[in-house]
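Written out below as structure tokens is the structure these notes cover.
The values are calculated or read from the model by the stated rules, or taken from the named source; none is laboratory data. Note that this is a predicted model, so its numbers are computed, not measured. Cβ: placed from backbone, ideal geometry, glycine included. Neighbour counts: every protein chain shown. Remember, those area values only see protein heavy atoms, side chains included, never the ligands or the DNA or RNA. Shrake-Rupley method; radii C 1.70, N 1.55, O 1.52, S 1.80 Å.
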4 protein chains.
Amino acid sequence: MEKGILKRGFASDNNAGIHPDILNEISSVNKGHVVGYGSDVYTEKALGIFKEQFGNATETFFVFTGTAANVLSLSGITRSWNSVITASTAHLEEDECAVLTVETTDGKITIEHLDKHIHGFDFEHHSQPKVISISQSTEMGTVYTVSEIRKIADFAHSKGMFLHMDGARISNAAVSLNLLFRAFTADAGVDVLSFGGTKNGMMFGEAICFLKPGLAKDFKYVRKQGMQLASKMRFISAQFIAYFRNDLWKTNAAHSNSMARILADRLQQFKEIRITQDVRSNGVFVIMPAEVAEKMRKHYFFYPWNEKTSEYRLMTSWDTEKADIEDFILLLRKVLNQGQALT
Amino acid sequence: MEKGILKRGFASDNNAGIHPDILNEISSVNKGHVVGYGSDVYTEKALGIFKEQFGNATETFFVFTGTAANVLSLSGITRSWNSVITASTAHLEEDECAVLTVETTDGKITIEHLDKHIHGFDFEHHSQPKVISISQSTEMGTVYTVSEIRKIADFAHSKGMFLHMDGARISNAAVSLNLLFRAFTADAGVDVLSFGGTKNGMMFGEAICFLKPGLAKDFKYVRKQGMQLASKMRFISAQFIAYFRNDLWKTNAAHSNSMARILADRLQQFKEIRITQDVRSNGVFVIMPAEVAEKMRKHYFFYPWNEKTSEYRLMTSWDTEKADIEDFILLLRKVLNQGQALT
Amino acid sequence: MEKGILKRGFASDNNAGIHPDILNEISSVNKGHVVGYGSDVYTEKALGIFKEQFGNATETFFVFTGTAANVLSLSGITRSWNSVITASTAHLEEDECAVLTVETTDGKITIEHLDKHIHGFDFEHHSQPKVISISQSTEMGTVYTVSEIRKIADFAHSKGMFLHMDGARISNAAVSLNLLFRAFTADAGVDVLSFGGTKNGMMFGEAICFLKPGLAKDFKYVRKQGMQLASKMRFISAQFIAYFRNDLWKTNAAHSNSMARILADRLQQFKEIRITQDVRSNGVFVIMPAEVAEKMRKHYFFYPWNEKTSEYRLMTSWDTEKADIEDFILLLRKVLNQGQALT
Amino acid sequence: MEKGILKRGFASDNNAGIHPDILNEISSVNKGHVVGYGSDVYTEKALGIFKEQFGNATETFFVFTGTAANVLSLSGITRSWNSVITASTAHLEEDECAVLTVETTDGKITIEHLDKHIHGFDFEHHSQPKVISISQSTEMGTVYTVSEIRKIADFAHSKGMFLHMDGARISNAAVSLNLLFRAFTADAGVDVLSFGGTKNGMMFGEAICFLKPGLAKDFKYVRKQGMQLASKMRFISAQFIAYFRNDLWKTNAAHSNSMARILADRLQQFKEIRITQDVRSNGVFVIMPAEVAEKMRKHYFFYPWNEKTSEYRLMTSWDTEKADIEDFILLLRKVLNQGQALT
């Protein structure tokens, strides 16, 4: 293997590269001159696709990174005295307003969790709760159902708050739920969405979708000040065009979800290993002996999730192959046997 | 011509696409998994190239846009109570600190210009001048000589200030001066540089180079908070690798500079048109009758620079062809003759 | 004279102390307990006075300093992508949004000055002009007439912008115009006002008055975040109560205005001294030989306004006495004669 | 009782007014002119007192409010990517950097609490822990011992972090510990201190004391930008002069502490009431039946601390009188008896 190129493993879905169809599309729009900053036909087309997917009222803005999608979409609907409530697993980047976290066991917020932060309205000594932000799928690989989202949305709206969805892995959730995107976003009461592509085969490029009319009013200034306005925008737009053509997003996400399912199934054979979360998308969370993990990580780069409980995160991606799983399982068996031998 | 694809004109060097060598390099690094956020071999290689070009002490950070390169590099060396002094043509984006402008006729600052802003040191009622920022080449297509830069650098350092260079078009300047990059940056006293690639054939990707040791200390946090840390960094790094291989930057910039030279020469035949700036890089600034410009702009998209004086900006790019110039001149002659006929 | 206590001179109207009536009022409300942060009867009373003075729709917030009054009132009606246009003499403190300045000869903006900054609306690459800010009386001692203010207000409103007035010395202007406050503020189209008391006999305490309904909606959060919410608010409110009782503001301002008038008249006897601005309130601007100023400033602390033209600012205050002027003139005559003797 | 003047109760120590000695001092410095913004003899004197109290290296800056003292002192020693760790009871206002909270039962942090936030150093995806902030006395009326503070300071310094103390009620703590201020601040390893006066008899005015040399380097700009630079500074300085003269701070704090002690003792007679915190300074925390509290609060304004557990906060102040306590106890007995009668 070439120096510095990793064995295809389970560290992160952003360690994978660009899907060939997406790279081809970049190449295909690379001709002639177009006006910069989004006033081009490819961007027009890509924005139109988002209207098809999420409804005609949807206003979409492309940015470079998932962090930017979250930070700026939240900036667009809050002021500095507002607070955003989110699961502590979300590690939401703050810009100006306060981030209040709730502890969950599976990365999913329920309205019961929210109680402790829902107070102090209209009181200037207290930050004003304005947004509930959920991740779909969550950082722990779990997935909200439509009715779970609807409940949070109704709760938020009853308090004059917005519901934001961090959709860095929204395609994996859509596949998991077997639903159209809009069924569990716009139609379920989500007001603003960070729609991610990078973790599912794009080079870079994320979309901020304002699903509730009126929210996008000044957003172009927010994006510009946030340094996220691409001069050669067509090369982000082209990626989204390819991403939706023939449901490439679904093919990629279905693949990584099924690889996670297989990985989880194969891991269940080992009594030393415990799967800690419902495997609903492309992440598998496992508790394994620390010394085993240490040995495995010499060959496969992957991240500890909780060092105290010896919990680790394994992510599959659009390019994970079955052989990658078998190799991993093979090595794991070897390491576990060694461990027993040593005892 | 396909709908929405512009005739290759002179509106902006960012209306051009990606040079094929750069796109090929992106494709070439698109294999296997690598660690995200810049801990990959391609980024290591690309950062090494910057050390070769600017000296071993150089610390470089890649970001997405030229705006980000300027805003963040300045954020990295200032606090909110500082001010940055720049030419009014620079339209420097502000983050937190004050931007003080000086009026110039050719986009080039001299130390005589700076006088009016260099005061109030150590006085809390006054913003503290901390950076002088120059553009090389300038927004008006002019180019600073090494000795001009050195003078400003010495002045800045004598006041405890830094010299920042906005190098969105630094390659055009290097070709114009026929010098190595470092000769008119690090060696001439520049402390921090925004090194641009997008306007000269890259897709996107700019570099912030800290040339003076110590200045980059906390910059990784600035970039992260600035939402400019690419997860799939290898695809920016690859572009820079290709940009420096076989001096592609020089080929591209030399081409666009020479196209500007030819465009300017061809424009001089028309007595109705006056070239207002020294044509040193890839911009040609002309005063032409407003009604002529209006007619031309129906066929060629280009920007007015000063509506009051009827001054316009024409930019050439790495993909401008001689035929584009001849077509433009042909149409211009027709429009001018019509004008005379009408009189 | 006690060490460190200055001869009562003409350095600044904030070098004066507290008017006895105001200090008495502080003492008079210093009894028993009241709820903090403005929920007390004294604050209720003081806010009511502002409604009487400026109209029933007026919403008023007390803050500690004039800088805070300007910064926060502007923050309350702008977003970070907006710009505020003001005279360059105003030295308006910026918070987030851009401050664009116009050069004036007398500190007074006219709509002709504004032209160069009124463009780029709805264009995200350009900061969005949102507020015109004028000072009344100006930093140069001049005063806008009602019709001048009305013209600027109409212009601002026609562009969808607000008119802000920095009234650090509004009482001096009201006396100069011989008008009620509301005649040249609310009734002349001013939307937001910084109403100053400190420079006219208060200890500290300024008021932000939102004159146009709706603008104060979220302002209580802005003030709280701006660290300008006084816990023992009653002691600011009491000062305003005393300030308006028996028109103390008018007595004080009329006195300092008339002292400025007398100072100017007395200065006109010296051919070496030229008064540069219309003396309309409590400032006298003079050009005098630098060496004369230098000698004077050994005895009287006062500020240079423009070192190049040898222009100086002399301010009178509510406690200036005629004898202070005579002493100053006496010394000035001596210094000027010495100068001639030396020549 | 005059309308709007509250019965002297136990709502908050900032509901009390100004101690007469302090108001007299304001009056006493109200003569003649002095230079504004702190360049006056009274400020010089007051700053000197802080050097005497905390050591010669101490650099002190006066501001208006306790919020400002905390926000700005933390701003002065952090950057936007830093985090401050504090007890969740502290409700520390955030400016730019993240605030991480730890749950405590008595408002006092121990190094065991800190563990969960002390990680991620040098990792740009994580906010960088930079300050531990403790309140002395705490919001729950408890007091850190010197050795408790020293342990936290040593821990902080071993991590390259600073220790900040919110001393809004530092005088109450000094009395409680029977120590000089410096014994449990500078000498115990505190780097930066917010020294409060308002809650112990001043009108307004707090001090930020940088106890570790070098930390105050750019702070004058932070204060100015924070809109906390008083033009008539002498009237804050005078208050501090009076505050330290004849140890007025000690007289006042000793009084309010002893009143809290008496109040707590008297409350212990009621079996329906439970004191929840160690009464070390001027706060008494009690659990009492909600319906009793409700009846009491019709006569005495005081705050619920935790509505779920029916816990309430009672604060004494420099002007609390024994009779106030007796009246309160009398009413409480009546209300409790009624309650029994009703059952």
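Among the residues of the stretch B:208-228, write down those that are within 14 Å of chain D (Cβ to nearest Cβ), of a type outside the set (D, E, K, R) and either in contact with a Cys (Cβ under 6 Å, 6 or more places away or on another chain) or open to solvent by less than 50 Å² (accessible area, probe 1.4 Å) (or both).
Taking the stretch B:208-228 and keeping what is within 14 Å of chain D (Cβ to nearest Cβ), we get B:216-228.
Still in the running and of a type outside the set (D, E, K, R): B:216, B:219, B:221-222, B:225-228.
If the condition is that a residue be within 14 Å of chain D (Cβ to nearest Cβ), of a type outside the set (D, E, K, R) and either in contact with a Cys (Cβ under 6 Å, 6 or more places away or on another chain) or open to solvent by less than 50 Å² (accessible area, probe 1.4 Å) (or both), then B:Ala216, B:Phe219, B:Tyr221, B:Val222, B:Gly226, B:Met227, B:Gln228 are the ones that fit.
Of everything in the stretch D:146-172 that's open to solvent by less than 60 Å² (accessible area, probe 1.4 Å) and assigned to a loop (DSSP other than H, G, I, E, B), which residue is farthest from D:Val71 (Cα to Cα)?
D:Gly160
Among strands (runs of 3 or more DSSP E) lying entirely in the stretch C:37-143, which contain 3 or more residues that are buried (at least 20 other Cβ atoms within 10 Å of the Cβ)? It would help to see each step written out before you state the result.
Working: elements: C:59-63, C:82-87, C:98-102, C:128-135.
Hits in the stretch C:37-143: C:59-63, C:82-87, C:128-135.
Assess whether B:Asn200 counts as being surrounded by fewer than 22 Cβ atoms within 10 Å (Cβ to Cβ), at pLDDT 95 or above and not hydrophobic (A, V, I, L, M, F, W, C).
Working: surrounded by fewer than 22 Cβ atoms within 10 Å (Cβ to Cβ): no; at pLDDT 95 or above: yes; not hydrophobic (A, V, I, L, M, F, W, C): yes.
Taking the combined requirement at face value, the residue does not satisfy it.
Keeping to the stretch A:23-35, report how many residues are within 10 Å of chain B (Cβ to nearest Cβ) and either over 30 Å from C:Phe123 (Cβ atoms) or open to solvent by less than 10 Å² (accessible area, probe 1.4 Å) (or both). It would help to see each step written out before you state the result.
To start, the set of residues in the stretch A:23-35 that are within 10 Å of chain B (Cβ to nearest Cβ) comprises A:23-24, A:26-27, A:29-35.
If we keep only those that are either over 30 Å from C:Phe123 (Cβ atoms) or open to solvent by less than 10 Å² (accessible area, probe 1.4 Å) (or both) too, we end up with A:23-24, A:26-27, A:29, A:33-34.
Going through the stretch A:23-35 one residue at a time, the tally reaches 7.
Being in a loop (DSSP other than H, G, I, E, B), closer than 11 Å to B:Gly167 by Cβ and touching a Ser or Thr at 6+ places or on another chain (Cβ under 9 Å) is the filter here, so list the residues in the stretch B:190-210 that pass it. Break it down stepwise before answering.
So in the stretch B:190-210, the residues in a loop (DSSP other than H, G, I, E, B) come out as B:190-191, B:197, B:201-205.
Narrowing the set further to residues that are closer than 11 Å to B:Gly167 by Cβ leaves B:190, B:197.
Scanning the stretch B:190-210 gives a single hit, B:Gly197.
Would you confirm, using the coordinates I've provided, whether D:Thr65 is within 30 Å of D:Met296 (Cβ to Cβ), within 11 Å of another protein chain (Cβ to nearest Cβ) and of a type in the set (Ser, Thr, Tyr)?
Yes, satisfied.
Return the pairs, sorted by first residue and then second, in which the second residue is part of a helix (DSSP H, G or I) and basic (Lys, Arg), the first residue lies in the stretch D:37-55 and is in the same structural domain as D:Asp191 (by TED's automatic domain parsing), the beta carbons are less than 7 Å apart, and the residues are 6+ apart or on different chains.
Taking only residues 6 or more apart or on different chains, the pairs are D:Asp40/D:Arg234; D:Tyr42/D:Arg234; D:Thr43/D:Arg234; D:Gln53/D:Arg182; D:Phe54/D:Arg182; D:Gly55/D:Arg182.
Take the residues in the stretch D:3-22 that are surrounded by 19 or more Cβ atoms within 10 Å (Cβ to Cβ) and among the β-branched types (Val, Ile, Thr), then tell me which one is nearest to the other protein chains (Cβ to nearest Cβ). Quick ask: steps written out before the conclusion?
Applying the first criterion (surrounded by 19 or more Cβ atoms within 10 Å (Cβ to Cβ)) to the stretch D:3-22 yields D:8-19, D:22.
Those still in the list that are among the β-branched types (Val, Ile, Thr) too: D:18, D:22.
Working: D:Ile18: 5, D:Ile22: 10 Å.
Step by step, filter the stretch D:3-22, then rank; the result is D:Ile18.
I need the full set of residues from the stretch B:245-262 which are hydrophobic (A, V, I, L, M, F, W, C), out of contact with any Lys or Arg (no Cβ under 9 Å at 6 or more places or on another chain) and either in a loop (DSSP other than H, G, I, E, B) or open to solvent by 20 Å² or more (accessible area, probe 1.4 Å) (or both), in order please.
Filtering the stretch B:245-262 down to residues hydrophobic (A, V, I, L, M, F, W, C) leaves B:248-249, B:253-254, B:259-260, B:262.
With the extra rule that they be out of contact with any Lys or Arg (no Cβ under 9 Å at 6 or more places or on another chain), the set shrinks to B:248-249, B:254.
Listed by number, the list holds a single entry, B:Ala254.
Where residues in the stretch B:187-197 are over 13 Å from the mean Cα position of the chain (by Cα) and buried (at least 21 other Cβ atoms within 10 Å of the Cβ), which of them is farthest from the other protein chains (Cβ to nearest Cβ)?
Of the stretch B:187-197, the ones over 13 Å from the mean Cα position of the chain (by Cα) are B:187-192.
Adding the requirement that they be buried (at least 21 other Cβ atoms within 10 Å of the Cβ) leaves B:188-192.
Numbers: B:Ala188: 28, B:Gly189: 25, B:Val190: 22, B:Asp191: 19, B:Val192: 17 Å.
The qualifying residue farthest from the other protein chains (Cβ to nearest Cβ) is B:Ala188.
Could you check A:Asp324 against (1) crowded, with 17+ Cβ neighbours inside 10 Å; (2) among the acidic types (Asp, Glu); (3) without any contact (Cβ under 8 Å) to a residue 60 or more places away in the chain and say which number it fails?
(3)
Of all strands (runs of 3 or more DSSP E) completely enclosed by the stretch A:266-343, which ones contain at least 2 residues that are over 23 Å from A:Val175 (Cβ atoms) and at pLDDT below 95?
It comes to A:303-306.
Does A:Ser73 satisfy the condition of being in contact (Cβ under 8 Å) with a residue 40 or more places away in the chain, under 22 Å from A:Gln225 (Cβ atoms) and not hydrophobic (A, V, I, L, M, F, W, C)?
Numbers: in contact (Cβ under 8 Å) with a residue 40 or more places away in the chain: yes; under 22 Å from A:Gln225 (Cβ atoms): yes; not hydrophobic (A, V, I, L, M, F, W, C): yes.
Spelling it out, A:Ser73 is indeed in contact (Cβ under 8 Å) with a residue 40 or more places away in the chain, under 22 Å from A:Gln225 (Cβ atoms) and not hydrophobic (A, V, I, L, M, F, W, C).
What number of residues within the stretch A:263-291 satisfy the criterion of being touching a residue at least 24 places away in the same chain (Cβ under 8 Å), open to solvent by 10 Å² or more (accessible area, probe 1.4 Å) and under 24 Å from the mean Cα position of the chain (by Cα)?
The total comes to 6.
Determine which single condition A:Leu47 fails, assuming it passes every other condition in (1) in contact with a Lys or Arg (Cβ under 7 Å, 6 or more places away or on another chain); (2) more than 14 Å from chain C (Cβ to nearest Cβ).
In the conditions (1) in contact with a Lys or Arg (Cβ under 7 Å, 6 or more places away or on another chain); (2) more than 14 Å from chain C (Cβ to nearest Cβ), A:Leu47 misses (1) alone.
Could you list, in sequence order, all residues of the stretch B:306-321 that are in contact with a strand residue (DSSP E or B) (Cβ under 7 Å, 6 or more places away or on another chain) and free of Cβ contacts under 8 Å to residues at least 24 places away in the same chain?
Going through the stretch B:306-321, the residues in contact with a strand residue (DSSP E or B) (Cβ under 7 Å, 6 or more places away or on another chain) turn out to be B:309-315.
B:Thr309, B:Ser310, listed by residue number.
Looking at this structure, is A:Lys151 more than 21 Å from A:Ala183 (Cα to Cα), among the charged types (D, E, K, R) and at pLDDT 95 or above? Please lay out each step first, then the result.
Values: more than 21 Å from A:Ala183 (Cα to Cα): no; among the charged types (D, E, K, R): yes; at pLDDT 95 or above: yes.
The answer is no for A:Lys151.
Which residues, taken from the stretch C:133-148, are closer than 16 Å to C:Asp191 by Cα and of a type in the set (Val, Ile, Thr)?
Once the filter is applied, which keeps residues that are closer than 16 Å to C:Asp191 by Cα and of a type in the set (Val, Ile, Thr), the stretch C:133-148 yields C:Ile134, C:Val146.
Please state which of the following conditions B:Asn82 fails to meet, knowing it meets all the rest: (1) more than 10 Å from every other protein chain (Cβ to nearest Cβ); (2) touching a Pro at 6+ places or on another chain (Cβ under 9 Å).
Unmet for B:Asn82, out of (1) more than 10 Å from every other protein chain (Cβ to nearest Cβ); (2) touching a Pro at 6+ places or on another chain (Cβ under 9 Å): (1).
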